[in-house]
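Here is the structure we will look at, set down as structure tokens.
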Amino acid sequence: MQIGIYARKSVYRDNSDSVQVQIKACKDYAHIIYHDTDLEFVIYDQDEGFSGKNTNRPSFQQLLTDVRAGKLDVVMVYKLDRISRSVKDFSDTYELLQSHNVAFLSVKETFDTSTPIGRTVMYILAAFAQLERENTSERVSDSMMALGAGGKWTGGRLPPGMTSIRKIVGDKEHSFLIVDNERIGVVRTIFELYLSGRTITSIERYFRDNGIRTESGKFFGTNQIYSVLSNPVYCSNAPEAYYYFHEKGYRLPEIQQFDGTRGLIGYGKTKQTGKQVRTDRWAIAIGIHEPVIPASDWIRCQERFGENKMYRANKYEIGILKGILRCECGSRVEIRTYEKNNRLFSYYCCAKMTRQGKSACNTGYMKVETVDSAFIDKLQAIKLNPDSIVLKTDSGYINTDKLRANLKKNTDAIRNLTNALMSNSESSAAAYIIAQIEALDKEKRLLENKLAAAEQSNRDAATAAETKESIYRNICWLLENFDHMTYKEKNELIKNTVTSCILGVNGLRIIF
């Protein structure tokens with residue numbers, strides 16, 4: 001009898017039964033239950049540290065695979081909740097075991113699953129295990145919210161320029177954020193540059209040019225800079241901060257606590273619900289740390305985010321290759337537009353170059369009208385020569401007549417040899433005939449595979465021909481109606497026709 005033993009510890013604790021204890025208990029129990037049977041054990045014990053909230057665990061998935069493959073007669077666990085703490089997951093698992101005639105045994109909970117009452121007890125125990133997990137998760141979430149409301153640091157990655165200390169409050173020790181005076185200068189620089197009119201991308205470039213790095217030694221990215229600028233932890237608890245957050249609908253302490261002498265703590269941005277779920281807004285508490293940025297300046301930064309969003313939503317309708325063009329280094333190509341003497345000047349430029357400098361990519365700035373004209377010229381050339389359209393995945397037509405003829409010849413030979421074998425099954429030539437049939441059968445399989453591959457290639461070629469015809473029609477339509485189409489219509493038609501365009505120092509390359 002093949003018995004699969006599944007053992008798991010969800011966390012590393014000294015007061016819980018170890019994986020080794022669980023395995024020994026299962027083996028002892030199996031020898032008692034099946035004392036007259038030869039037993040072989042397959043151990044699934046590599047899920048230590050995985051939670052029982054779902055079944056996405058390596059060893060457990062291997063167990064299910066072996067069940068489906070018919071390799072096990074019994075599945076054993078030390079306790080029911082080792083399988084899962086979700087009633088649905090446990091029910092699905094048990095149904096899988098039943099469908100493959102695999103028995104299920106639990107050492108700690110004794111019930112007979114062959115009877116209705118035994119199955120009912122099993123599902124009730126699974127329901128209680130799920131309830132226990134959900135209550136534990138809720139208690140943890142409530143505890144974290146209570147800590148945050150008290151201005152305590154609830155854990156996680158420290159904000160740049162901040163560190164934490166431990167302080168005893170009442171009869172318990174808690175963590176609190178304080179300003180790290182040696183590192184907070186970078187944070188102040190970010191706010192100063194942003195308030196001076198620089199964009200987040202410009203700040204990223206400034207830091208690279210001046211060798212300013214994060215505390216882990218890496219360069220600041222735009223996401224990190226935005227995270228600093230939007231984090232309430234740097235904002236002072238001045239009255240204007242209270243009114244700002246109150247208008248946004250955030251949870252707040254009483255206004256009397258907003259006196260401008262301390263910094264704020266933002267918490268509750270995510271909820272612990274099996275997966276972390278982001279909420280719409282922070283809850284705000286007052287910490288013990290000194291304020292880093294005046295509330296008025298911090299609020300100006302948040303308002304400027306709104307201005308930037310409005311600017312991005314109303315970009316100029318310039319560059320028919322917007323969203324299609326990529327740099328030869330692999331990065332996307334952006335459009336930069338400048339106004340001088342009441343005239344607009346627009347350039348295509350590599351996003352990597354604008355953020356990391358020419359040492360990362362030296363394609364430079366190229367006028368939008370120059371690149372767009374080069375693109376139209378290439379389309380004009382394709383219109384005159386449709387055969388120049390080459391797809392990214394292009395395959396030619398394969399003549400399958402010879403393959404089919406060879407396959408028929410092979411099949412006939414096997415049939416003739418089979419008939420000869422039936423007539424001479426007792427003769428000494430039988431072994432020779434069988435060897436010939438086996439060799440021909442191997443050749444037949446190779447021919448069948450080649451024919452299947454050729455037929456698929458021909459289907460692909462037919463599809464490619466239709467695709468090329470569609471591309472050619474789109475190109476002709478674009479060129480003939482270019483002057484009468486709106487910017488959006490041009491851009492959308494190009495997106496539907498071209499896979500991508502690669503822009504490099506040597507010109508433009510179109511990929512269909």
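Structure notes:
- Take the conditions (1) surrounded by fewer than 15 Cβ atoms within 10 Å (Cβ to Cβ); (2) modelled with pLDDT of 85 or more; ILE414 misses just one of them, which is (1).
- The residues of region 358-376 that are more than 37 Å from the chain's Cα centre (by Cα) and not hydrophobic (A, V, I, L, M, F, W, C), listed by number, are GLU369, THR370, SER373.
- Pick from region 108-124, criterion part of a loop (DSSP other than H, G, I, E, B) and at pLDDT below 70, ranking: surrounded by the most Cβ atoms within 10 Å (Cβ to Cβ): PHE111
- Within region 356-371, the residues that satisfy the criterion of being at pLDDT 85 or above, of a type in the set (S, T, N, Q) and under 23 Å from ILE203 (Cα atoms) are ASN362, THR363.
- Boolean, ALA439 is over 17 Å from VAL368 (Cα atoms) and surrounded by 14 or more Cβ atoms within 10 Å (Cβ to Cβ): no
- Only residues that are basic (Lys, Arg) and in contact with an Asp or Glu (Cβ under 6 Å, 6 or more places away or on another chain) were counted in region 39-70, giving 1.
- Test: residue in region 237-245 that is within 32 Å of the chain's Cα centre (by Cα) and within 25 Å of GLU303 (Cβ to Cβ): no
- Contact map, region 464-485: residues that are free of Cβ contacts under 8 Å to residues at least 60 places away in the same chain paired with residues that are surrounded by fewer than 16 Cβ atoms within 10 Å (Cβ to Cβ) and polar (S, T, N, Q), Cβ distance under 8 Å, separation 6+ or inter-chain. Pairs shown: ASN474/ASN496.
- Selection of first residues in region 342-355 that are more than 15 Å from ILE200 (Cα to Cα) and buried (at least 16 other Cβ atoms within 10 Å of the Cβ) and of second residues that are aromatic (Phe, Trp, Tyr) and at pLDDT 85 or above, restricted to Cβ pairs under 7 Å at least 6 apart or on distinct chains, gives the following pairs, ordered by first then second residue: TYR347/TYR365; CYS349/TYR365.
- Matching option when the condition is more than 30 Å from PHE482 (Cβ to Cβ) and under 44 Å from the mean Cα position of the chain (by Cα), among LEU379, LEU451, LEU403: LEU451
- ASP377 charged (D, E, K, R) and under 21 Å from GLU328 (Cβ atoms): yes
- Matching residues, region 65-88, being surrounded by 19 or more Cβ atoms within 10 Å (Cβ to Cβ), of a type outside the set (Lys, Arg) and either assigned to a loop (DSSP other than H, G, I, E, B) or within 27 Å of the chain's Cα centre (by Cα) (or both): LEU72, TYR78, ILE83, SER84, SER86
- So LEU105, is it within 21 Å of ILE32 (Cβ to Cβ), part of a loop (DSSP other than H, G, I, E, B), in contact (Cβ under 8 Å) with a residue 60 or more places away in the chain and of a type in the set (A, V, I, L, M): no
- Which listed residue is in the same structural domain as SER99 (by TED's automatic domain parsing), at pLDDT below 90, under 14 Å from SER106 (Cα atoms) and of a type in the set (Asp, Glu), from ASP81, ASP36: ASP81
The values are calculated or read from the model by the stated rules, or taken from the named source; none is laboratory data. All figures in this text were calculated on a predicted structure; none of them were measured in a lab. Heads up, the Cβs are rebuilt from the backbone with ideal geometry, glycines too, and the neighbour counts pull from every protein chain shown.
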